[in-house]
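I have placed the structure first, in the form of structure tokens, so that the comments after it can refer back to it.
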Amino acid sequence: MTKRTDYCGRLSSDDIGRTVTVCGWVSKRREHGEFLAFVDLRDRTGIVQCVVDHAHDIRSEYVLAVTGTVRERPPETANNDLPTGSIEIGEATVEILSHAEPPPFQISGRVDVDETIRIRHRYLDLRTSRMQRNLRSRAAINAAIRRSMDDQEFVELETPMLIASTPEGARDFVVPSRLSPGNFYALPQSPQLFKQLCMVGGMDRYYQIARCMRDEDLRADRQFEFTQLDMEMSFVDGREVRAVISEAVSEAAEVITGERPDSIPEIPWSEAMNRYGSDKPDIRFGLELVDLTSVFSDTDFNAFKAPTIKGIKVEAGGDIGRNQLDQLTDKAKSWGAKGLVWVKVGSSGEVTSPVAKFMSEAEISGLLSTMEATEGDICYLVADEWRKVVHVLGLLRLELARPPVNEGGLCFLWVVDFPLFEDVDDDGNPLPAHHPFTMPHADDLELLSKSSVASDLLEVRSQAYDLVLNGWELGSGSVRIHRRDIQQQIFHLLGIGEEESQQKFGFLMDAFRYGAPPHAGFAFGIDRLVALLVGEENIREVIAFPKTQSGTDPLTNAPTSIDQTQLDELGLRVLPPAT
RNA sequence: GGUCCCGUGGUGAAGUCUGGAGUUCACGCUGGCCUGUCAAGCCAGAGGUCGCGGGUUCAAAUCCCGUCGGGACCGCCA
């Protein structure tokens with residue numbers, strides 16, 4: 001085989017006169033009769049035009065080694081759309097290294113191809129400039145993150161993939177044990193407990209680019225397996241953790257955009273919920289939620305006799321048709337609202353609304369002034385309990401105005417002061433908002449120990465924080481509990497008894513007996529970060545071999561059945577499907 | 001568990017609402033012509049179980065029911 005001397009996309013006018021050999025795939029062939037043809041050869045660096053005197057037996061995606069002399073193109077034939085467009089490889093001889101059948105889709109095509117077909121033939125899809133760019137960007141981001149963490153004196157440690165199942169959190173993927181039939185390993189949802197053990201072990205600053213697995217339904221931003229930058233630090237508070245992570249993601253953003261992002265603002269969770277109706281607000285645009293509860297405090301309108309009323313205003317949004325309004329109302333209902341009230345503002349301040357007749361003059365003027373609504377605007381109102389109101393309006397806000405992924409810049413945001421408990425379950429036990437090792441806010445410790453009233457407990461803040469980028473949750477972290485007494489108090493509140501906590505987390509509790517440093521950490525999703533940085537709506541576009549939304553792989557056909565022999569060895573029996 | 005959208009030669013779309021011959025467009029593919037193209041051009045050609053099954057009808061890509069596959073979202077994701 002002829003040895004490559006150069007890459008296609010790196011040839012330039014500096015190489016004129018050199019005899020070179022390039023290797024790659026045939027991107028395009030243009031024949032001009034028997035004695036002149038152009039072959040565009042593609043490798044990972046780009047495309048170069050090769051001039052050959054006979055190309056009839058060369059087809060798309062053949063693998064070639066082309067040898068010839070670099071020369072300037074006749075000026076009138078230069079191609080300014082191509083980085084190598086001013087030169088070409090002349091009088092080229094071609095060695096065919098591999099023949100190729102016509103691919104199932106065009107590698108250099110201009111139309112989008114059905115994603116299932118792309119994934120089924122991912123080895124071809126990876127040749128496209130889009131996937132080359134995305135995966136190379138991903139590698140550059142990984143390198144930048146590693147560089148940043150190394151510079152900040154973190155040590156990269158590996159934690160096990162086969163671990164014990166803990167029933168909290170997401171559904172586990174499990175692996176049957178051959179040597180211990182009937183017992184199972186779980187694949188890690190995150191290295192959480194191990195990194196805390198590393199802190200007890202005096203590693204001080206740990207990080208890992210870790211694969212995590214969660215058996216939950218897939219989405220545009222969720223795959224079964226995903227990659228996180230996972231880290232933990234000793235003797236620090238949350239502020240220092242956020243500084244380290246801010247540095248790492250800024251480095252990552254800079255290698256892609258060429259610019260360092262501004263310092264990342266912080267917003268308390270309660271403010272995020274009240275202003276944006278989300279704990280991962282997309283702050284690239286306004287359309288903030290406005291509180292109207294006091295405006296309707298004495299209302300006669302039954303639908304507005306609710307703990308919370310909020311609205312959002314779309315400026316000049318009043319020309320929306322009845323049909324679309326009905327669709328928005330249906331959506332709001334599907335998100336859990338009882339209904340969606342809309343109010344259009346006319347030229348002299350009069351309003352049009354299906355429920356206008358139920359509102360008093362004072363309420364209407366209060367509504368318009370509070371929302372600063374003027375002619376041509378439309379307001380959408382939801383009345384319900386607070387949690388539901390902000391949830392529905394938060395989704396409506398995104399529905400109405402969310403920009404495409406590649407518009408509006410990069411708006412990083414820290415959401416801080418999350419509540420310690422998200423809600424109360426049917427037995428009256430509070431549910432942790434983050435995980436049960438999250439340290440309560442120092443100022444709320446008293447509230448925590450004094451009260452066991454659910455409404456009080458939901459007020460307790462935690463030292464947990466999320467990093468958000470353009471409305472995507474990149475990751476979360478917290479200051480951890482390193483004191484056994486507080487940890488036991490939390491377990492008690494969560495309804496986890498002594499025996500249960502010992503069984504599930506005993507190894508961590510035991511470790512804490514022997515001198516646990518105060519510690520805090522974070523983890524963020526690299527798939528999501530990469531997708532947003534390269535402007536993709538979907539993390540599958542930045543994963544070499546992703547799965548479909550139903551969790552299958554059209555390339556390998558996973559998941560598949562396994563041999564009876566394998567089942568026997570593992571002591572497993574497969575039940576017939578439930579009917 | 002739920003809501004919505006999509007499925008038509010190798011690829012992408014139109015046709016479906018309003019039933020009437022597998023019709024159309026672009027790319028690709030095969031053959032021919034063509035000595036400066038680069039979305040090459042010109043000529044000719046091949047290529048289809050309209051995802052699958054059932055129903056309605058004289059007649060179904062089109063309407064109805066079911067099912068499979070893909071996608072977006074709600075729930076879920078400590």
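Each reported figure results from applying straightforward, stated rules to the coordinates on display, with no laboratory input. Bear in mind the structure is a predicted one, so any value in this text is a computation, not a measurement. A quick note on method: Cβ atoms are made from the backbone with ideal geometry, for glycine too, and the neighbour counts reach across all protein chains shown.
The order of A:LYS333, A:LYS357, going from fewest to most other C-beta atoms within 10 Å of their C-beta, is A:LYS357, A:LYS333.
Residues in segment A:99-113 carry Karplus couplings, in order, of 7, 8, 5, x, x, x, 8, 7, 5, 9, x, 9, 10, 5, 10 Hz; the curve used is 6.51 cos²θ - 1.76 cosθ + 1.60 with θ = phi - 60°, and Gly or Pro positions show x.
Alpha-carbon geometry of chain A: the Rg and the Dmax are 29.7, 92 Å, given in that order.
The DSSP beta bridges internal to chain A are antiparallel in roughly 95% of cases.
Sorted ascending by nearby beta carbons within 10 Å, beginning with the fewest, A:VAL63, A:VAL200 become A:VAL63, A:VAL200. For Cα pairs less than 8 Å apart in space and 6+ apart in sequence, what is the mean separation divided by the residue count of segment A:286-401, i.e. the relative contact order in percent? Once normalised by length, the contact order is 39 percent. Summing charges over neighbours of A:PRO102, with a neighbour being any other residue whose Cβ is under 9 Å away from its Cβ, gives -1 when K and R count +1 and D and E count -1.
Considering only Cα atoms, the convex hull volume of segment A:429-579 works out to 236 Å³ per residue. As a proxy for reagent exposure, ranking A:LYS195, A:LYS331 by other Cβ atoms within 10 Å from fewest up yields A:LYS331, A:LYS195.
Derived from the Cα gyration tensor, the three semi-axes of the equivalent ellipsoid of segment A:8-98 are 18, 15, 12 Å, largest first. Here is the list for segment A:334-433: GluC sites (Glu not before Pro) lying in DSSP coil, each with at most 15 other C-beta atoms within 10 angstrom of its C-beta, are A:GLU350, A:GLU372, A:GLU375, A:GLU385, A:GLU407.
The GluC sites (Glu not before Pro) of segment A:207-285 that DSSP puts in a loop, and whose beta carbon has at most 16 other beta carbons within 10 Å, are A:GLU216, A:GLU259.
Looking at segment A:271-307, the trypsin sites (Lys or Arg not before Pro) that sit in a DSSP loop and have at most 14 other Cβ atoms within 10 Å of their own Cβ are A:LYS305. For the set A:LYS195/A:LYS310; A:LYS280/A:LYS331; A:LYS450/A:LYS504, the pairs lying more than 31 angstrom apart at their alpha carbons are A:LYS195/A:LYS310.
Using C-alpha pairs under 8 Å with a sequence gap of at least 6, the mean separation divided by the residue count of segment A:385-516 gives a relative contact order of 23 percent. Based on the Stokes-Einstein relation at 37 °C and a viscosity of 0.692 mPa s, and on the Kirkwood radius from alpha carbon pairs, segment A:261-393 is assigned a translational diffusion coefficient of 214 µm²/s. Treating r as the C-beta distance of A:ARG110 and A:THR548 and R0 as 25 Å, the FRET efficiency rounds to 0.50.
Ranking A:PRO103, A:GLN503, A:SER561 by how far each Cα lies toward the positive end of the dipole of chain A (charges on Cβ) leaves A:PRO103 at the top. Taking θ as phi - 60° and the Karplus parameters 6.51, -1.76 and 1.60, the scalar couplings of segment A:334-342 work out to 5, 8, x, 6, 6, x, 10, 9, 10 Hz in sequence order, x denoting glycine and proline. Across segment A:485-491, rounded Karplus estimates of 3J(HN,Hα) from the backbone phi angles (6.51 cos²θ - 1.76 cosθ + 1.60, θ = phi - 60°) give 5, 5, 4, 5, 4, 5, 4 Hz, Gly and Pro being marked x.
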